[in-house]
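One structure is given here, and the rest of the page talks about it.
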Amino acid sequence: MAELSSKTVEFIRSPKQLLINGRWENAVSGKTFPVTNPATAEIIAHVAEGDQADVDKAVRAARQALESRAWANITPSDRGKLIWRIGDLILQHADELAELEALDNGKPVTVARSADVALAADIFHYMAGWATKLHGLTIPLSVPYLPDANFHCYTRLEPVGVVGQIIPWNFPLLMAAWKLSPALTTGCTVVLKVAEETPLSAIRLGELLLEAGLPDGVVNIITGFGETAGAALAAHPLVDKIAFTGSTEVGKLVVKAAAGNLKKVTLELGGKSPNIVLKDADLDVAIPGAAHAIFFNHGQCCIAGSRLYVAKEIFDEVIEGVAEIAEKIKLGPGLDPQTEMGPMVSDLQLNRVCGYLQSGLQEGAKAVCGGRKRLGAGYFVEPTVLVDTTPQMKVVQEEIFGPVVTAMPFKAMDEQLIRQANDTIYGLGAGIWTRDLGKAHRLANQLQAGSVWINCYNIFDAALPFGGYKQSGWGREMGSAVLEHYTQAKAVTVNIG
Ligand code: ADP
């Protein structure tokens, strides 16, 4: 296994504090909590345990920064350059950030480097360009009750204000980047609450934000637990907007907490995405594609292609192919460059996934491969393909968030297939595999999902909006679509006589 670089060792040994108003501080309570390496179950570091008192300090710092000259008066061009610099710094420290991600989350270091870190840098670079392009409109008025009047009317896009952001553990650095970059480009200020399972890369990112020259208080970072720090942020009366990524269950709690002062809310929640292989699909592409759709990031993706629907004529061939890939996936610690799939992020997550496996098997599903926890240290689960499932089973209805796909044959591309594919409370993603693009487009139109991939899966880009239909969320991340959630339009009407 690869040794940790000296930079990472030094970082791990340094104190892990909260970033409040441009300074690193201990929690008011003085408490810390341990962070675990999921590949070994060993403690790596201790991190400040922020709670309500720290959230309050951070929110007040963000409030002050919102109106500060250093932030409110910065030109759009300079704001863009600052955000661009953050992207550059992420790339300069890419290896170190990838190592932290592998250590803390468990994902393969090669994937962290090529996907998580690269995409995190890219969204800062993409959003930097928007700082100078937040145009309002000029609007011609008619005002029927004042036929002789003459107005000049325009809109300004102003920052929504202080934003509370709560992120999960599956892509720790990337989720921080998806959240922070639109907030900064629109001139908002932020209190970011990172996931308790994976706080390390966000702390390192905080150091890079200061190095980039971000004014004090513009981004504040709180490590701590959801029920305390997260809940306090969602309820805080001085927060104008809350942006949450996590489970649908907690998303509903966030909505309730946000109601106190009617915060604007955006949510990116769970999924149970259908992945459909039509009988004319190119199986050399569709089989590895279906495996990648579920096994990428160990299935710990809200958009994982976790319900595989395959035309009955090719069902056996596709399932055999996906199972063969699953069996060859090399499980190991994220830091090992040979590793293709790391452990689940925590023992809690491991037990959750194993609970679903047990429930599926008890209800009559059959594991073509995998189906078990891997014995030994660390939180490893075998990549699993379940067949003989029925639409009512828990494994088909609920989000497992692990490397487990349920596979079902279908007779034809008809109403019944579409009904089955859409038979979920979620609506995040969907995949379609076929050589017939006409069919693919028709099917794409009928699937209730925020992202549909045709002959590909898990394609993310800073320019593409990402978000969910139904209970998968409110609003969109990335692209120009996210900007409307971080700005508010002010209509200014001038009587010009
Ligand atoms: P998961 O079940 O995958 O861990 P969660 O939805 O529980 O996902 O967690 C996502 C984020 O939400 C984490 O940062 C977590 O600390 C936070 N969180 C958990 N509970 C609450 C809550 N009651 N209020 C606000 N944030 C919360």
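Things to note:
- Residue count for region 180-207, restricted to those that are more than 23 Å from residue 15 (Cα to Cα) and surrounded by 24 or more Cβ atoms within 10 Å (Cβ to Cβ): 9
- If the condition is being among the aliphatic types (A, V, I, L, M), within 11 Å of the ligand (Cβ to nearest atom) and either farther than 22 Å from residue 303 by Cα or surrounded by fewer than 20 Cβ atoms within 10 Å (Cβ to Cβ) (or both), then region 252-266 contributes 253, 255, 257, 258.
- Taken over region 401-421, residues that are within 16 Å of the ligand (Cβ to nearest atom) and in contact with a strand residue (DSSP E or B) (Cβ under 9 Å, 6 or more places away or on another chain) amount to 3.
- In this structure, residue 132 qualifies as touching a Pro at 6+ places or on another chain (Cβ under 8 Å), more than 16 Å from the ligand (Cβ to nearest atom) and either under 23 Å from residue 8 (Cβ atoms) or in the same structural domain as residue 204 (by TED's automatic domain parsing) (or both).
- Selection status of residue 116, acidic (Asp, Glu), crowded, with 22+ Cβ neighbours inside 10 Å, under 17 Å from residue 181 (Cβ atoms) and at pLDDT 95 or above: yes
- Every pair of residues 6+ apart whose Cβ atoms lie under 7 Å, when the first sits in region 486-497 and is over 26 Å from residue 127 (Cβ atoms) while the second is small (Gly, Ala, Ser): 495/149
- Members of region 267-291 that are of a type outside the set (A, V, I, L, M, F, W, C), outside any loop (DSSP other than H, G, I, E, B) and either free of Cβ contacts under 8 Å to residues at least 24 places away in the same chain or crowded, with 24+ Cβ neighbours inside 10 Å (or both): 268, 274, 275, 284
- The criterion of at least 3 residues that are within 14 Å of the ligand (Cβ to nearest atom) and among the aliphatic types (A, V, I, L, M) is met, among strands (runs of 3 or more DSSP E) falling completely within region 168-251, by 189-194.
- Some residue of region 98-120 being in contact with a Phe, Trp or Tyr (Cβ under 9 Å, 6 or more places away or on another chain) and over 29 Å from residue 45 (Cβ atoms): no
- Test: residue in region 111-122 that is part of a loop (DSSP other than H, G, I, E, B) and assigned by TED's automatic domain parsing to the domain that holds residue 488: no
Yes/no matrix, rows are residues, columns are (1) away from the ligand (no atom under 16 Å from the Cβ); (2) at positive phi; (3) under 19 Å from the mean Cα position of the chain (by Cα); (4) crowded, with 20+ Cβ neighbours inside 10 Å:
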| residue | (1), (2), (3), (4) |
| --- | --- |
| 297 | no, yes, yes, yes |
| 301 | no, no, yes, yes |
| 315 | yes, no, no, no |
| 320 | yes, no, no, no |
| 326 | yes, no, no, yes |
| 336 | yes, no, no, no |
| 339 | yes, no, no, yes |
| 344 | no, no, yes, yes |
| 353 | no, no, no, yes |
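The values are calculated or read from the model by the stated rules, or taken from the named source; none is laboratory data. The structure presented is a predicted model; accordingly, all values stated were derived computationally and were not measured. Ideal geometry is used to build each Cβ from the backbone, glycine not excepted, and the neighbour counts take in all protein chains shown.
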